[in-house]
1. In segment 9-44, which residue that is over 17 Å from the mean Cα position of the chain (by Cα), more than 18 Å from residue 92 (Cα to Cα) and polar (S, T, N, Q) is modelled with the lowest pLDDT?
2. Looking only at segment 47-58, how many residues end up being out of contact with any Leu (no Cβ under 6 Å at 6 or more places or on another chain) and open to solvent by less than 70 Å² (accessible area, probe 1.4 Å)?
3. For segment 126-149, enumerate the residues that are touching a residue at least 60 places away in the same chain (Cβ under 8 Å) and open to solvent by 40 Å² or more (accessible area, probe 1.4 Å).
4. Restricting attention to segment 10-37, which residues are in a helix (DSSP H, G or I) and polar (S, T, N, Q)?
5. For residue 190, work out the one condition from (1) part of a loop (DSSP other than H, G, I, E, B); (2) surrounded by 20 or more Cβ atoms within 10 Å (Cβ to Cβ) it doesn't fulfil.
6. In segment 150-170, which residues are open to solvent by 10 Å² or more (accessible area, probe 1.4 Å) and over 21 Å from residue 98 (Cα atoms)?
7. Taking the stated definitions as given, is residue 90 more than 19 Å from residue 144 (Cβ to Cβ) and either without any contact (Cβ under 8 Å) to a residue 12 or more places away in the chain or among the polar types (S, T, N, Q) (or both)?
8. Could you list all residues from segment 150-194 that are touching a residue at least 40 places away in the same chain (Cβ under 8 Å) and either farther than 23 Å from residue 131 by Cα or more than 18 Å from the chain's Cα centre (by Cα) (or both)?
Amino acid sequence: MTEPAIFQRALSGEPLDFTGADFQLISQTVQRTQALLKKFNQSDQTNDERRATLSRVVGYSIPESTEVNAPVHSDFGPHLFIGQNVYVNQGVMFVDLGGIYLADGALIGPGAMLITVNHVEDPAHRRDVYAKPVHIEKNAWIGAKAMILPGVTVGENAIVGAGSIVTKDVPANMVVVGSPARVLRRVKGTTPDED
């Protein structure tokens, strides 16, 4: 099934008019996602039940090798793209309208926030939004309570230190820390020819 045009515009980074007639489609999706995530986050669901519920949120079957722990939060849902062997710890927030891509082997620490949406600066249009995707590449590790901002790519094998705020791309095989995050060093066990 083809997504509504406004969803496609969000994935392409076009501005979205909050007062536009089609913005209601986003609001309807948000309501559906919230109801499903409330069910997902219930403590009495089995792992298989949670996987089935989360699969309904994103619109495809979550890989069996992937583990997403409750509670998990999303403000949209269908633009969360999860690969194989991904691990998402408790309390993670996905603001995924612009597309969040978790490549194979990605690790997301507890309380991390991955954000793809920003508001327009002009006060007359402040409720309008635009989105930029977040990419967490293969085997990258996002530390506890780290925040990844719109448009950021965290490179393969990279590590984002706990509590860091990432405002720009993280090179492959590097450790970044701080606010804003800066390169600290190379990931142990990697060599420059792997970049």
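The values are calculated or read from the model by the stated rules, or taken from the named source; none is laboratory data. None of these values were measured; they are calculated from a predicted model. Cβ placement follows ideal geometry from the backbone for every residue including glycine, while neighbour counts extend to all protein chains displayed. Areas reflect the complete protein model, heavy atoms only, side chains present, ligands, DNA and RNA absent. Shrake-Rupley method; radii C 1.70, N 1.55, O 1.52, S 1.80 Å.
1. Here the answer is 19.
2. Adding up the residues that qualify gives 5.
3. Just the residues of segment 126-149 that are touching a residue at least 60 places away in the same chain (Cβ under 8 Å), to begin with: 127-133.
Within segment 126-149, 127, 130, 132, 133 meet the criteria.
4. 24, 27, 28, 29, 31, 33, 34
5. Against the list (1) part of a loop (DSSP other than H, G, I, E, B); (2) surrounded by 20 or more Cβ atoms within 10 Å (Cβ to Cβ), residue 190 comes up short only on (2).
6. The answer is 157, 159, 161, 162, 163.
7. Numbers: more than 19 Å from residue 144 (Cβ to Cβ): no; either without any contact (Cβ under 8 Å) to a residue 12 or more places away in the chain or among the polar types (S, T, N, Q) (or both): yes.
No, not satisfied.
8. 162
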